[in-house]
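Asks: Quick one: structure below, then a few questions.
The values are calculated or read from the model by the stated rules, or taken from the named source; none is laboratory data. No experiment lies behind these values; they were computed from the predicted model shown. Glycine gets a Cβ as well: all are built from the backbone with ideal geometry, and neighbour counts include every protein chain shown.
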Amino acid sequence: GQDGGIWACPAFLLLLLGLHLVLDLLRTCRLVCSQWRYVVDLNTLWKRKCQRDGFYRQSYDRSISDWKIFYMLCHMKKNLLKNPRAEENFKHWTIDANEGDKWKIEDLPGAHGSHMSDPRVQKYFVTSYGPCFKSQIITLDKEGYWNQLMDEIRPEITVKDWYAARFDCGCRYELTVRLLSNDWICLQEFHPEPVVIEQWSDAQWREISHTFQNYPAGVRHIWFQHGGQDTQYWAGWYGVRVTNSSITIGPPSSL
């Protein structure tokens, strides 16, 4: 019948395709005819696709109203920061301050340091006795997050960073993340108080995390900056160590 024909063609096709092809089809399929538009907009279709691709949990049933947006945000989710673990030297990073003996890259665990629980992390960036800061700018539409999505859905933006001190030297760690408009106006900022770690600490790696929610419309860029220095002004690389930074965008918990 008519319904069977609909499910036999566009719906089945959409269920099988990967996201990059789905996005292309969404731009064209809805224009083909009313039946295609009906299928592409079916909430149950996208719920089935979430189930097929492993994004579904039964507990989500009452909280998710738009399975299409939920699917897209889940499928697109990735670390938007490039080279977060120092595997490509300083590629993709802008050095904003490089004082003392400047930034350096070392292998974990490093002198008087400790390993991380994540075996994928093998290197870190380390600061010196003068201020050392580095940054990245993420342009959201280049990463696939279109303006209407950011303004109307306002998906959660989660920032994480890992930092540690040497056992034998104190250090200072700072993090600033800004949500910026198209003309670089700061719409919201996360800038916690600097963390000061005293000499003879446990040298363990610690995570700092923040999630932006209900931010103003107009977010087009994200600016991430971190760094610091040692607190004893020793020549060399005794300052704070940073690695495994991330910025991810995901479905809002209110969906």
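Residues are listed down the side, and each one gets a yes or a no for (1) in a loop (DSSP other than H, G, I, E, B); (2) β-branched (Val, Ile, Thr); (3) within 21 Å of the chain's Cα centre (by Cα):
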residue	(1), (2), (3)
Glu87	yes, no, yes
Lys91	yes, no, yes
Ile95	no, yes, yes
Gly110	yes, no, no
Met116	yes, no, yes
Val121	yes, yes, yes
Phe125	no, no, yes
Tyr129	yes, no, no
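Asks: Going through region 121-142 one residue at a time, which ones are in contact (Cβ under 8 Å) with a residue 40 or more places away in the chain and either loosely packed, with under 14 Cβ neighbours inside 10 Å or of a type in the set (A, V, I, L, M) (or both)?
Replies: Val121, Val126, Ile137, Ile138, Thr139, Leu140, Asp141 - these are the residues of region 121-142 that are in contact (Cβ under 8 Å) with a residue 40 or more places away in the chain and either loosely packed, with under 14 Cβ neighbours inside 10 Å or of a type in the set (A, V, I, L, M) (or both).
Asks: Another question, if that's okay. Do any residues in region 161-177 that are in contact (Cβ under 8 Å) with a residue 40 or more places away in the chain have Cβ atoms under 7 Å from those of residues that are of a type in the set (Asp, Glu) and in a loop (DSSP other than H, G, I, E, B), where the two are at least six apart or on different chains, and which pairs are they?
Replies: Short answer, once both residue conditions are applied: Gly170/Glu198.
Asks: Turning to a different aspect of this structure: Of the conditions (1) within 26 Å of Arg220 (Cα to Cα); (2) in contact with a Ser or Thr (Cβ under 7 Å, 6 or more places away or on another chain), Ile69 satisfies every one except a single condition; which number is it?
Replies: With respect to (1) within 26 Å of Arg220 (Cα to Cα); (2) in contact with a Ser or Thr (Cβ under 7 Å, 6 or more places away or on another chain), Ile69 is out only on (2).
Asks: Tell me which residues, restricted to region 48-58, are touching a residue at least 12 places away in the same chain (Cβ under 8 Å) and either among the small types (Gly, Ala, Ser) or within 13 Å of His75 (Cα to Cα) (or both).
Replies: Across region 48-58, the qualifying residues are Lys49, Cys50, Arg52, Asp53, Phe55.
Asks: Any residue at all in region 209-232 that is out of contact with any Phe, Trp or Tyr (no Cβ under 7 Å at 6 or more places or on another chain) and free of Cβ contacts under 8 Å to residues at least 40 places away in the same chain?
Replies: Checking region 209-232: at least one residue is out of contact with any Phe, Trp or Tyr (no Cβ under 7 Å at 6 or more places or on another chain) and free of Cβ contacts under 8 Å to residues at least 40 places away in the same chain.
Asks: Also, I was wondering about something else. Tell me which residues, restricted to region 158-195, are among the β-branched types (Val, Ile, Thr) and closer than 27 Å to Gln122 by Cβ.
Replies: If the condition is that a residue be among the β-branched types (Val, Ile, Thr) and closer than 27 Å to Gln122 by Cβ, then Thr158, Val159, Thr176, Val177, Val195 are the ones that fit.
Each row is one residue, and each column tells you yes or no for (1) part of a helix (DSSP H, G or I); (2) of a type in the set (Lys, Arg); (3) more than 26 Å from Ile249 (Cβ to Cβ).
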{"residue": "Leu149", "(1), (2), (3)": "yes, no, no"}
{"residue": "Glu152", "(1), (2), (3)": "yes, no, no"}
{"residue": "Arg166", "(1), (2), (3)": "no, yes, yes"}
{"residue": "Tyr173", "(1), (2), (3)": "no, no, no"}
{"residue": "Arg178", "(1), (2), (3)": "no, yes, no"}
{"residue": "Trp184", "(1), (2), (3)": "no, no, no"}
{"residue": "Glu189", "(1), (2), (3)": "no, no, no"}
{"residue": "Pro192", "(1), (2), (3)": "no, no, no"}
{"residue": "Ser201", "(1), (2), (3)": "no, no, yes"}
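Asks: Moving on. Go through region 30-84 and give me each residue that's at pLDDT 80 or above, assigned to a helix (DSSP H, G or I) and among the polar types (S, T, N, Q).
Replies: The answer is Gln51, and nothing else.
Asks: Could you tell me whether Gly250 is surrounded by fewer than 19 Cβ atoms within 10 Å (Cβ to Cβ), closer than 30 Å to Ser65 by Cα and either in contact (Cβ under 8 Å) with a residue 60 or more places away in the chain or of a type in the set (Gly, Ala, Ser) (or both)?
Replies: yes
Asks: Another question, if that's okay. Test of understanding: among Glu193, Glu189, which residue is free of Cβ contacts under 8 Å to residues at least 24 places away in the same chain, surrounded by fewer than 20 Cβ atoms within 10 Å (Cβ to Cβ) and either over 27 Å from His92 (Cβ atoms) or among the small types (Gly, Ala, Ser) (or both)?
Replies: On inspection, the qualifying residue turns out to be Glu193.
Asks: Does Ser117 fit the bill of being small (Gly, Ala, Ser) and either in contact with a Gly (Cβ under 6 Å, 6 or more places away or on another chain) or surrounded by fewer than 16 Cβ atoms within 10 Å (Cβ to Cβ) (or both)?
Replies: Yes.
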